[in-house]
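The values are calculated or read from the model by the stated rules, or taken from the named source; none is laboratory data. Remember, predicted model here, so these are calculated numbers, not experimental data. Backbone-built Cβ (ideal geometry, glycine too); neighbour counts: all protein chains shown. Accessible surface areas use protein heavy atoms only, side chains included; no ligands, DNA or RNA. Shrake-Rupley method; radii C 1.70, N 1.55, O 1.52, S 1.80 Å.
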Amino acid sequence: MRTRTTARGIAATGAALLALTACGGGSDDNGGGDNAGGDSGEKQVNIYGTDGNMGNALGEDFDEDGALAGMKGTTPLTELGSDFTDRLLEIDPELQDYNYAGETYDAVMISALAAQMAGTNDANVFKAYVNGVTFGGDKCETFEACLEIINAGGNPDYDGITGPLAFTDAGEPAAASFALLQFGEDNALDNDATQYVIAGDEENAATDEGPAPAPAGTTSEPLVIGSLLPLTGSLAFLGPPEVAGFNLAIADINAAGGVLGAPVRAEGADSGDTSTDTATQSVDRLLQAGANVIVGAASSAVSQTVIDTITGAGVMQISPANTSDIFTTYDDNGLYFRTAPPDLLQARALADLILEDGNNTVGILALNDPYGTGLAENTRTNLLDGGLTEEQVPEPVIYDPTAANFDAEVQQMVDLNPDAIIVIGFEESSKIIQGLNAEGIGPQR
């Protein structure tokens, strides 16, 4: 199914998809890209990022104004209402952005509703209800409203903070909202320039809504939901909004009466990153604490290290930020779910953004992990499907995110001399962009 952002065959007439201006000035005489230098003939190279680096935390590594100005990118993000963001700020007044806060909130809600539907905190039982909570039945947007539907013997169709959700058989969104972001002169995201698009199609959702609701209160044990979110490591910038979304969801559920007639008990733990054994130790602690559901990890690579332990223990794992396609077909005993869309969908939104900006040649830099390599390949495939050739979009340059420097990879981009460069990475992205700036092919002009 093609992306629902805009059909590429009608890109000329569908320019309303993107109200954002290109990173530089007018169109290049050679076709594609932008000419930042105007009459000087200097070529503009447009820089694009993805959810791993398109956050305000990236700008903290740059002292000079304009170092990121014009850099664009995509991230799974719904246009959040002020009611939700204001409530998140009550949880954490220091929040800089809201990446994956809605997805985390919805992950907790879906888990709680599935347990309530099943009448038990046993994940091996309530896993059969998870997908059906997100489509069919009667629509509801809050836990309290959904609970009323369940108590009346109905099936809730939870349309949460992140939209329709509509899980597929694999337990992931069939369609998702993506934000098209852009950095301003102050190296922070320009909220006024943000646009939203939908990729995927709800028609691809599962058709089996699962079993009928079980009688409520069939267990005396409370539902225990653990969080495995990044408090340290390369994705620590995602931790605050995710933790805030988690805590807000727990508070809302318990304010509505809890699950199975009792308050949900929350347990928190740090996921760290793949450079440490933090996630493994945290999962052990969460399992010992009796977690029935673990929300996380944020990193696909981290989840890959613990998914067998979690699902093998008969515990449900639901990630708000895993996007690697490897999880779509992973052998998880039906216990792994995610509210974040797979990279297959983000790749379509990103490729459409790049093509709509008129880029004819594209270089791709991606970190060597399931997220980086998967998103890079999917984006390249979509660019090729959009009419570019293999010469115009060479094979991605895959790098080691722990390397001391990225001079060789930056030089490859210099030699390629593309209209656009995609940087798919995490906190090391700042070093790469600094290198691109030093060579005159980064966002800084």
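Here are some notes:
- Potential lengthening between Ser275 and Asp190 on full extension [0.36 nm per residue; Cα-Cα distance subtracted]: 27.4 nm
- Net dipole in debye of the range 165-232 [+1 Lys, Arg Cβ; -1 Asp, Glu Cβ; about Cα centre; nearest 20]: 280 debye
- Computed magnitude of the charge dipole of the range 404-445 (debye, nearest 20; Cβ of K, R +1, Cβ of D, E -1): 140 debye
- Between Ser227 and Glu267, Gly268, Ala269, Val295, the built amide H atoms are under 5 Å apart, and every one of these is 5 or more places off in sequence or on another chain.
- D (Stokes-Einstein, µm²/s), Kirkwood Cα radius, the range 49-202, 1.002 mPa s at 20 °C: 125 µm²/s
- The chain, Cα convex hull volume normalised per residue, Å³: 126 Å³
- The radius of gyration of the Cα set in the range 138-239, together with its Dmax, comes out at 18.7, 58 angstrom.
- Probe 1.4 Å, protein heavy atoms only - accessible area per residue of the chain in square angstrom: 37 Å²
- Unit charges at the beta carbon, dipole of the range 48-151: most positive-side option, Asn131, Val108, Gly81: Asn131
- Over the range 189-258, volume per residue of the alpha carbon convex hull, in Å³: 202 Å³
- Proximity of backbone amide H atoms, modeled 1.01 Å from N, is registered between Tyr399 and Ala366, Leu367, Asn368 at under 5 Å, excluding neighbours fewer than 5 places apart on the same chain.
- Considering every alpha-carbon pair of the range 76-126, the percent of pairs per 5 Å bin, from zero through the bin containing the longest distance, is 4, 18, 22, 18, 11, 12, 12, 3.
- Here's how it looks for Leu180: its modeled amide H is under 5 Å from those of Gln195, Tyr196, Val197, which are all 5 or more places away or on a different chain.
- Thr280 accessible area, assembled protein chains, probe 1.4 Å, Å²: 50 Å²
- Pairwise alpha-carbon distances in the range 184-301 exceed 18 Å for 67% of all pairs.
- Residue (of Ser324, Thr162, Tyr336) at the positive-pole extreme of the chain, dipole from beta-carbon charges: Tyr336
- Debye equation applied to the C-alpha atoms of the range 340-405, log10 I(q)/I(0) at 0.13, 0.19, 0.29 Å⁻¹: -0.35, -0.70, -1.27
- The range 282-396 - charge dipole about Cα centre, Lys and Arg +1 at Cβ, Asp and Glu -1, debye rounded to 20: 520 debye
- Surface composition of the chain: carbon plus sulfur atoms contribute 45% of the solvent-accessible area (1.4 Å probe, protein chains only, all chains present).
- Taking N as its residue count, the alpha carbon Rg of the range 389-437 over 2.2 N^0.38 Å: 1.13
- In the chain, the calculated helix contribution to ellipticity at 222 nm averages -9500 deg cm²/dmol per residue, counting -39,500 (n - 2.57) for every DSSP H run with n ≥ 4.
- Projecting the Cα atoms of Leu248, Gly272, Leu231 onto the charge dipole of the range 228-288, computed from C-beta unit charges around the Cα centre, puts Leu248 farthest toward the positive end.
- Within the range 210-364, the proportion of C-alpha pairs whose separation exceeds 22 Å stands at 48%.
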